[in-house]
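A.B. asks: Have a look at the structure that comes next, please.
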Amino acid sequence: MLELPNKQENPWTVLSISNDWKLLPSTLWKAQPPEFSPVDELIDISPMALRLLQLDVQHLRTHVEGVSTLRNLHAGSLLLPGMSPVAQKYAGHRHGVFNDRIGDGGALLLGEVATPLGRMEMYLKGVGRTPYALKGDGYQGLRSAIKEYLVSHALYGIGIPTSLPLSLCNHQRKVVRGEIEKSATMLSLCPSHVRVGHFEWLSARGNAAAMKALIAHLGGCYGEAGEMSADQFFKHAVQRAAHLVAAWQVWGFVHGALNTDDISVLGLTLGPEAGAFMESCLPSLTVGRYADDARHAFSSQCDSMKFGLGMLARALRLLLHEEQLDVTLESFDDQFENAKLCSMRSRLGLMMSRDEDSALISKWLAILHRNGSDYTSSFRHLMKWNNNEYSDSYLAKQLGSDRDDSDLCEWLIAYRHRLGSECCTHRERYRFMAGVNPITVLREKEVLSVTMAAEAGDFMPLARLRKRITQPYHGFPD
């Protein structure tokens, strides 16, 4: 366990850092130091990420040497003891086309930090070109960095597995992203950034030995005490992917870039800078740079994830029989549906399982879609619904529907009947729903507002929004 620093000690000196990635075959990485880039300002530090490292946010923010150390890490002028930066190499399918020239184009794995929850990779994004940058400059624009920083915290607050940014800095260097803006770097924590694309890269090279080594490297991330077999690994990957995409669908998140080099084998949300939470219920919603590709739409995420797992299965043919892989892959659909049904049932305030729940949920979502209802708020309005005509009228109004709408009337009759089989009072149902239906969800207008403030040098709106979205089930005064 980490020792907490005393008031005089630099808080970063207590971290135990190594880089086991360098023990893997060199086909998976290239060593490279961060490019030096003077920091303009330290925009924000995440209390949630610091807690994972057992660091105290107030101590760090008031410790001159600690703040200086963090700024120098972002600037690329300092590495902590044990850090040994590498860029990871992988491949991937983009727009359904295989590309083996990609990898970490502008990010470096600085090292792995030992924590009570296991090792955490510390990644620095926006550090400049790596050998895998292709035509990119390797830098990150401030707007993109703010978006990724906030989206990751919003996912973390809801309880959806994700990498978690630790800190965000802007730099003196300018970049062109449509127009001139400041560049930024983001330091993030994650159990592992291994993607489906890593296995595609090794499969394309026929490197079974490296693939076995990579699977062994991941064993601890899955809680496997001994050596993990390829079959165990694939079963873990399928299960976690099913639960992740189910969570996206239940809480209305669209990733926006589900290529196989973006799909984590640990079931984590990686690279969500293009992502967004669905505001009006619109299953066809697409966002980001792939907004013209329906494969990245909200309603297509399950199929895209299954495609990615299919590519992982194809890569694992180096180690396993195709029939064995197919059996595991075929379990994805049931695991996804069960995970989605369980979580959506909770959002409707249903504590027990009934055969009719799936149809009830589908009809509810169809009503939200038809009316263009606000996806997040609609569940909060349903929390307040009680078994009387006034509540029916209130709910219809909030959903943008008419009180006499036949679909809504039929649904409320079915919902009343379904609640009759539950053993809870209205107050108990309300409290249960309050724990799974967020008050706050990250909205695009809020991202734009805090970005504009940050560009003007005011970072307090971003910090306040970060606090709200990491506690989405709690109300905050305006």
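The values are calculated or read from the model by the stated rules, or taken from the named source; none is laboratory data. Computed from a predicted structure; not experimentally measured. Please note: Cβ atoms are built from the backbone with ideal geometry, for glycine as well, and neighbour counts cover all protein chains shown. Just the protein is used for accessible areas: all its heavy atoms, side chains included, with ligands, DNA and RNA removed. Shrake-Rupley method; radii C 1.70, N 1.55, O 1.52, S 1.80 Å.
A.B. asks: Go through (1) under 25 Å from ARG177 (Cβ atoms); (2) modelled with pLDDT under 95 for ARG71 and report which single condition fails.
C.D. replies: So the condition that ARG71 fails would be (2).
A.B. asks: Any residue at all in the stretch 261-283 that is farther than 27 Å from SER401 by Cα, polar (S, T, N, Q) and open to solvent by 30 Å² or more (accessible area, probe 1.4 Å)?
C.D. replies: no
A.B. asks: I've got another one for you. In the stretch 229-260, what residues are open to solvent by 10 Å² or more (accessible area, probe 1.4 Å) and either polar (S, T, N, Q) or assigned to a helix (DSSP H, G or I) (or both)?
C.D. replies: Passing the criteria: SER229, ALA230, ASP231, GLN232, LYS235, HIS236, GLN239, ARG240, HIS243, ALA247, GLN249, TRP251.
A.B. asks: Please verify whether the stretch 156-164 includes one or more residues that are in a strand (DSSP E or B) and touching a His at 6+ places or on another chain (Cβ under 6 Å).
C.D. replies: no
A.B. asks: Residues of the stretch 426-473 being open to solvent by less than 20 Å² (accessible area, probe 1.4 Å) and closer than 27 Å to TRP385 by Cβ, which ones?
C.D. replies: ARG429, MET433, ASN437, PRO438, THR440, VAL441, LEU442, ILE469, PRO472
A.B. asks: Starting from residues that are of a type in the set (D, E, K, R) and part of a helix (DSSP H, G or I), keep the ones in the stretch 198-228 and report whichever is nearest to the chain's Cα centre (by Cα).
C.D. replies: GLU200
A.B. asks: I'd like to check something: does the stretch 310-328 contain any residue that is closer than 29 Å to CYS424 by Cα, out of contact with any Cys (no Cβ under 8 Å at 6 or more places or on another chain), of a type in the set (Gly, Ala, Ser) and surrounded by fewer than 21 Cβ atoms within 10 Å (Cβ to Cβ)?
C.D. replies: No, the stretch 310-328 contains no residue that is closer than 29 Å to CYS424 by Cα, out of contact with any Cys (no Cβ under 8 Å at 6 or more places or on another chain), of a type in the set (Gly, Ala, Ser) and surrounded by fewer than 21 Cβ atoms within 10 Å (Cβ to Cβ).
A.B. asks: Against the conditions (1) of a type in the set (A, V, I, L, M); (2) crowded, with 20+ Cβ neighbours inside 10 Å; (3) closer than 30 Å to HIS321 by Cα, where does ALA225 fall short? Just the number, please.
C.D. replies: (2)
A.B. asks: Quick one: which of ASP292, ASP303 is open to solvent by 20 Å² or more (accessible area, probe 1.4 Å), without any contact (Cβ under 8 Å) to a residue 24 or more places away in the chain and not in a helix (DSSP H, G or I)?
C.D. replies: Being open to solvent by 20 Å² or more (accessible area, probe 1.4 Å), without any contact (Cβ under 8 Å) to a residue 24 or more places away in the chain and not in a helix (DSSP H, G or I) holds for just one of ASP292, ASP303, which is ASP292.
A.B. asks: Could I ask something else about it? Within the stretch 116-141, track down each residue that is assigned to a strand (DSSP E or B), open to solvent by less than 10 Å² (accessible area, probe 1.4 Å) and farther than 24 Å from TYR290 by Cβ.
C.D. replies: GLU121, MET122, LEU124
A.B. asks: Taking the stated definitions as given, is GLY220 over 25 Å from ALA257 (Cβ atoms) and open to solvent by 10 Å² or more (accessible area, probe 1.4 Å)?
C.D. replies: Yes, satisfied.
A.B. asks: Kindly list the number of the only condition in (1) within 23 Å of the chain's Cα centre (by Cα); (2) modelled with pLDDT of 95 or more that fails for HIS296.
C.D. replies: All conditions pass for HIS296, except number (2).
A.B. asks: Which of (1) open to solvent by 10 Å² or more (accessible area, probe 1.4 Å); (2) out of contact with any strand residue (DSSP E or B) (no Cβ under 6 Å at 6 or more places or on another chain); (3) under 17 Å from SER26 (Cα atoms) does VAL194 not meet, given it meets every other one?
C.D. replies: (1)
A.B. asks: Can you go through THR27, THR115 and tell me which one is within 26 Å of the chain's Cα centre (by Cα), touching a residue at least 40 places away in the same chain (Cβ under 8 Å) and over 20 Å from THR185 (Cα atoms)? Steps first, answer last, please.
C.D. replies: Working: THR27 fails: within 26 Å of the chain's Cα centre (by Cα).
Among THR27, THR115, only THR115 is within 26 Å of the chain's Cα centre (by Cα), touching a residue at least 40 places away in the same chain (Cβ under 8 Å) and over 20 Å from THR185 (Cα atoms).
A.B. asks: State which residue is surrounded by the most Cβ atoms within 10 Å (Cβ to Cβ) when the search covers only the stretch 197-217 and only residues that are over 19 Å from GLY118 (Cβ atoms), out of contact with any Leu (no Cβ under 8 Å at 6 or more places or on another chain) and of a type in the set (Gly, Ala, Ser).
C.D. replies: GLY197
A.B. asks: State which residue pairs qualify: first residue closer than 14 Å to TYR149 by Cα and touching a residue at least 12 places away in the same chain (Cβ under 8 Å) and inside the stretch 439-450, second residue in a helix (DSSP H, G or I) and among the charged types (D, E, K, R) in any location, beta carbons under 7 Å apart, and separation of 6 or more residues or different chains.
C.D. replies: Filtered contacts from the stretch 439-450: VAL447/LYS147.
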